[in-house]
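This report refers to the structure that appears directly beneath it.
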Amino acid sequence: MNDTELKNLAMALVSPGKGILAADESIGTIGKRFKEHKIENTVDNRRDYRAMLFSADGASEFISGVILHDETIHQKTADGLRLIELIQKRGIIPGIKVDLGAKDLAGFQGEKITEGLDGLRDRLKEYYELGARFAK
């Protein structure tokens, strides 16, 4: 990506009246949300929920970008369309959450550390090839 493409991307993400949708919940976090509504936390239910979010009428009027979870960037709709393609067809810019979650910090009970720097360069290359254009 060159400087002009990067500037255009940044400007598109901050378009007036639009924002970035954080749809990057971990499997555990989305499971907590599902549990409140008595929805089983399965791969298919997570996929269908996200597909519903990304294809909602009017979504592209208010969403400039969407942050995806690693699981989501690899998923396809029940019809076989990659979720990232569904997002792109709506004119929404796909992004990716690159951290690997909070883990207990060894030797410091109750403290957490965010992991994900190991292998980040290779993951970023893969995510870009899959269609992600920004990262959180």
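Just so it is clear, none of the values below were taken in a lab; they were calculated from the coordinates. Just so it is clear, the model here is predicted, and its values are computed rather than measured. Every residue, glycine among them, receives a Cβ derived from its backbone with ideal geometry; neighbour counts consider all protein chains shown.
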Could you identify which residue out of ILE87, ILE73, ILE27 has the top mean-square fluctuation in a GNM of the chain using Cα springs shorter than 10 Å? ILE27
Between the alpha-carbon centers of the stretch 18-46 and the stretch 53-70, tell me the distance in whole angstrom. 15 Å
Sorted by chain and number, the residues with a modelled amide H under 5 Å from that of LEU68, at a separation of 5 or more or across chains, are GLY95, ILE96, LYS97
Which entries of LYS18/LYS112; LYS18/LYS103; LYS32/LYS97; LYS7/LYS32; LYS89/LYS136 have Cα-Cα distances beyond 29 Å here? LYS18/LYS112; LYS18/LYS103; LYS7/LYS32
Just the number, please: percent antiparallel of the DSSP beta bridges in the chain, rounded to the nearest 5. 25 percent
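By per-residue mean of other Cβ atoms within 10 Å, what is the highest-first order of 129-135, 29-35, 99-105?
129-135, 29-35, 99-105
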Under unit Cβ charges (Lys, Arg +1; Asp, Glu -1), what dipole magnitude, rounded to 20 debye, does the stretch 90-136 have relative to its Cα centre? 320 debye
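What ranking do PHE62, PHE54 get, fewest neighbouring Cβ atoms within 10 angstrom at the top?
Ranked by crowding around the Cβ, least crowded first: PHE62, PHE54.
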Near the amide H of HIS74, under 5 Å away, which other amide H atoms are found, from residues 5 or more places off or on another chain, if H is placed in the peptide plane? none
Please give the calculated 222 nm ellipticity per residue for the chain, where each DSSP H segment of at least 4 residues contributes -39500 (n - 2.57) and the sum is spread over every residue; nearest 500 deg cm²/dmol? -12000 deg cm²/dmol
